Each structure stands twice: as C-alpha cells, then as structure tokens.
Amino acid sequence: MEKFKLDSKETMLLIIDIQERLVKTMKYGDQVIDKTNILISTAEEMEMPIIVTEQYPKGLGSTVPELEQNLQNAKKFEKVNFSVYIDEIKEAIKETGRKKVIITGMETHVCVFQTARDLINDGYEVFIVNDGVCSRKKGDYLNGLDLMKSMGAVITNTETVVFDLLKKAGTPEFKVLSKLIK
C-alpha cells in the first residue's frame, strides 16, 4: 500500500450525515451534495464500497434525496455519537478490507473531525475532500481541516480524488467519470 496514493482496490467512501435539516443550515450544502454525488459515481464505477451515516435522523432528517437516489449499493447506519467509528460501523469499515477512507460530510469540525481522528488512530489513511465537507461557520470549517491535517489526514478535493483513482485517460472509467468534472 503506497502512502498518500489512492487505489480503488484499497479505498472506500464514507459519507457522514448529509441530512435534510443539516444541509439547510450550511452555506455550502449544495456544493457538498454535488461533490459527494461525483464521488458516489466514482466509487460505483470503480467498485469501491460506500458507507453512509445519519446523525439522529428523527431530529435531523434522512440523507438528502439528491444523494439517496444514488446510494442503492451503500450500507447505511444511524448513530447518535459524533464519531461514526462505533462498533457496528467500525465492523462494517473493517469488513471492506480497505485501509484508505475518503470522507465527505457534515460538519467538518465535529463529526468529520472526530471520525477522521478515530480512523487515523486505528491505522487508516484518511482523505478529507475539502469541497465535499462543510460547517455552518467558515472558521469552524477551516479549524476542522487544520486539525485533521495536523493529525495526518490528507486534505484534498473532488477532482484530485477522481483523477488519482483513474490514474490515466482513455479507460472506460475515464470516459464515464471525466464528464462529471466540469
């Protein structure tokens, strides 16, 4: 396993709490949905596992419909802990056999941060998609990214992730996925 390099056979996608009531409070919620959909398409095309979490859905609503329609093959979990790295989800992540985790979701400085910290502490390589995560306040978002970077997470973006996974042009996957990057 090469460090800092994405390979579809070693990587999974983790989508944290992109829910109806949370999105409404986020200035960049629509961007996060758009970028997450690109990453879902990438994961599907490259046969990467997808895990989705929902923080207290009775209060915060379900995963937004714009994502839900593309998540037929994902494993979904409800939680009340801020970190998703709790027994049931930890086991699902372990069962993928993947040691690299691409993360999108809400909020950068709470659930995303705590999850990244727990994954890193358990030996996973974490890739935070900076245009696929957000917080209500810019300062909290920036602080969350800084905290995760200082712990060893790779701070990246959607386009970099997609092209790192693709490796080269001209493949059938490239023809499908390059159309999503505008």
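Normalised by the number of residues in the chain, the mean separation of alpha-carbon contacts (under 8 Å, six or more apart) gives a relative contact order of 26 percent. Calculate for the chain the 222 nm mean residue ellipticity that helices alone would give, adding -39,500 (n - 2.57) per DSSP H run of length 4 or more and normalising by residue count, nearest 500 deg cm²/dmol. My calculation for the chain gives -11500 deg cm²/dmol from helical runs alone. The count of lysine pairs in the range 129-182 with alpha-carbon distances below 19 Å, taking only pairs 8 or more places apart or on different chains, stands at 7.
Accessible surface for the chain, divided over its residues, is 49 Å² per residue with a 1.4 Å probe. Structure remark: mean-square fluctuation, Gaussian network model of the chain, C-alpha springs under 10 Å; the largest value among L13, L145, L166 belongs to L166.
Here the Gaussian network model covers the chain, with springs between Cα atoms less than 10 Å apart; of K79, K94, K27, K94 fluctuates the most. Would you mind counting up the charge near M148? Only other residues with Cβ under 13 Å from its Cβ, with Lys and Arg at +1 and Asp and Glu at -1. Value of the local net charge: -3.
Heavy-atom accessible area with a 1.4 Å probe sorts S178, S83, largest first, into S178, S83.
Modelled label positions at N81 and K58, each set 7 Å beyond Cα in the direction of Cβ, lie 2.0 nm from each other.
Compared with the alpha-carbon gap, the fully stretched path from N157 to K5 is longer by 53.4 nm at 0.36 nm per residue.
Given R0 = 25 Å, the distance between the Cβ atoms of L142 and E91 translates into a calculated FRET efficiency of 0.15.
So what is the relative contact order for the range 85-173, in percent, with contacts set as C-alpha pairs under 8 Å and at least six apart? It comes to 29 percent, rounded to a whole number. Measure off, as a whole percent, the carbon and sulfur share of the 1.4 Å-probe accessible area of the chain, all protein chains present. Whole-percent figure for carbon plus sulfur exposure: 48.
The values are calculated or read from the model by the stated rules, or taken from the named source; none is laboratory data. The model shown is predicted, which means the values in this text are computed figures rather than measured ones. Ideal geometry is used to build each Cβ from the backbone, glycine not excepted, and the neighbour counts take in all protein chains shown. Areas reflect the complete protein model, heavy atoms only, side chains present, ligands, DNA and RNA absent. Shrake-Rupley method; radii C 1.70, N 1.55, O 1.52, S 1.80 Å.
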